[in-house]
1. Looking at (1) out of contact with any Ser or Thr (no Cβ under 8 Å at 6 or more places or on another chain); (2) of a type outside the set (D, E); (3) not in a helix (DSSP H, G or I), which one does F97 not meet, given that it meets all the others?
2. Here's a check for you: in the stretch 140-171, which residue that is in a loop (DSSP other than H, G, I, E, B) and open to solvent by 20 Å² or more (accessible area, probe 1.4 Å) is farthest from I402 (Cα to Cα)?
3. Tell me which residues, restricted to the stretch 108-139, are assigned to a strand (DSSP E or B) and either open to solvent by 10 Å² or more (accessible area, probe 1.4 Å) or touching a residue at least 60 places away in the same chain (Cβ under 8 Å) (or both).
4. Of the numbered conditions (1) open to solvent by 80 Å² or more (accessible area, probe 1.4 Å); (2) assigned to a helix (DSSP H, G or I); (3) among the polar types (S, T, N, Q), T185 fails exactly one; give the number of that condition.
5. Among what's in the stretch 404-426 and is over 25 Å from the mean Cα position of the chain (by Cα) and among the hydrophobic types (A, V, I, L, M, F, W, C), pick the residue that is farthest from N308 (Cα to Cα).
6. Output the residue which, of all residues in the stretch 188-209 that are within 23 Å of the chain's Cα centre (by Cα) and either part of a helix (DSSP H, G or I) or among the β-branched types (V, I, T) (or both), is modelled with the highest pLDDT.
Amino acid sequence: MPLGLYSLDARIELIRRARFTLDVQYYLIQGDRSGRLFMRSLRDAALRGVRVRVLVDDLYTGGADTLFAGLAAFPNAEVRLFNPFCCARDRGVAARFAASLFDFRRLNHRMHNKLFIADGAIAVMGGRNIADEYFARSAVSNFVDMDVLVAGDVVGPLEGIFDTYWNSPQAYPVTAIVGEPETRTVARDRFDHLVDDGDQMLFVSVPPIDMLAQRPLAAELDTGRLVLAVGTAVAFADQPGKVAATSEEIARSMTVQMNVMDRIARSGRRVVISSPYFVPGPAGFAALADLSGRGVQVVILTNSLATNDVPISHIGYARYRTGLLRAGVDLYELDPAGFRRRSWDAISGVSHGRLHAKVAVIDEAMVYIGSMNLDPRSETTNTELGISIRCPELARDVVRVIDAIRLQGSFRLRLASEGENVEWLMMRDPAAGALVREPETHPLLRLRNMLLGPFVPEQLL
């Protein structure tokens, strides 16, 4: 599901049609139009007897206690917070960390998983959180992202992963953290006011087909026939106890990144990777350089400095750029101007785009998709969830999406003639000359990153 509106619509349709259970696990559920629509739909499902369980990381819940505690006040609905903060709950992230300074080591570890399961039959997973910018509904900036909808035998293991996190010592009932409401009726009334009043859409309007010629999920479910690509899938996730790991070695032993890099390292022909935050580290760099040296084509799409919503993470990536280019790796960075053009229609509705899709396609047959970036934070700090799928049909579709972004909305990087400096070529205008500095960035941003570069520990990126 490359289109944000299709992906949101799929979740809402599955909630509305659920009969028995809804299991929801996210790093972020925002209290914006999309978040309120999502939470209201979960409430409606609970009211008609569906068991609803929501597990959300506590990093970005500041000011939203009423929303989550309100949902938990309805019959059949439970909400748990993962690795919660104790203080400054109505404030931003910085204030929360400041109020818990002596507990920083624990709180720096977050649950980055994204998983949605309806009736134990269909699951949606990938890179998207629940917020407007993940579904092309933000007027300011939207993420270019990707989800996959799966059914069949792999849903059982995904349910097991959810249950492991739900029952872990790091998951707390929301009322244990925010306190019991005055009455459940008051909590429900406050929740209803939040999700029923305002400008959120009652329904999501989607085009008749997406860029892969797929119909909206509702159209297929109405006919009683869900069209899926057939393949073999394996789900894997970090252990929830990773957030309590006392060393990087212990955390690394619990991470899914090892599974993904092992698969990438065994590639024999071609690897196509999309990673918004790409900091390969010495081991990852060596693996990618070795692949290229063996004649494997390695294509990597990541954010440019201009599109990176965490500019400091670009420092770690920039350290490896020259070496990767020398090794023969094909590097592409997202071009923000490519998403501001009226002619851009491959990912409709996107303006001021930022890459967020976390995908790898190996030898045009194996697809990895999930929540994990190829960076140290995913490896040793956050918990992650992923799925590997052996399915050439799906692999072709994913490559089509990445190619549409890469060929119409990115820069191709190359080394300058002296072999030291990086140059950027606009894929949207091949005749234009090469750019010799980070495209579409302010000099102060470039200066800040240059000055911080020698001092930023890579393991924090």
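1. All conditions pass for F97, except number (3).
2. P169
3. M111, L115, F116, I117, A118, I122, V124, M125, G126, I130
4. The number of the failed condition is (1).
5. A416
6. Per the stated criteria, the residue is V206.
Residues checked against (1) open to solvent by 20 Å² or more (accessible area, probe 1.4 Å); (2) free of Cβ contacts under 8 Å to residues at least 24 places away in the same chain; (3) under 21 Å from A171 (Cβ atoms); (4) of a type in the set (S, T, N, Q):
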residue: Y6; (1), (2), (3), (4): no, no, no, no
residue: I15; (1), (2), (3), (4): no, no, no, no
residue: L22; (1), (2), (3), (4): no, no, yes, no
residue: Q25; (1), (2), (3), (4): no, no, yes, yes
residue: I29; (1), (2), (3), (4): no, no, yes, no
residue: R36; (1), (2), (3), (4): yes, no, no, no
residue: L47; (1), (2), (3), (4): yes, no, no, no
residue: V50; (1), (2), (3), (4): no, no, yes, no
residue: D58; (1), (2), (3), (4): no, no, yes, no
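For every residue, the table says whether it meets (1) open to solvent by less than 10 Å² (accessible area, probe 1.4 Å); (2) within 21 Å of Q459 (Cα to Cα).
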site: G231; (1), (2): no, no
site: T246; (1), (2): no, yes
site: D262; (1), (2): no, yes
site: A265; (1), (2): no, no
site: G293; (1), (2): no, no
site: V298; (1), (2): yes, no
site: L301; (1), (2): yes, no
site: R319; (1), (2): no, yes
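The values are calculated or read from the model by the stated rules, or taken from the named source; none is laboratory data. Keep in mind that this is a model prediction, so the values were computed, not measured. Cβ coordinates were reconstructed from backbone atoms using ideal geometry, including for glycine residues, and neighbour counts include every protein chain displayed. For the accessible areas, the whole protein counts, side chains as well, though only heavy atoms, and no ligand, DNA or RNA atoms are used. Shrake-Rupley method; radii C 1.70, N 1.55, O 1.52, S 1.80 Å.
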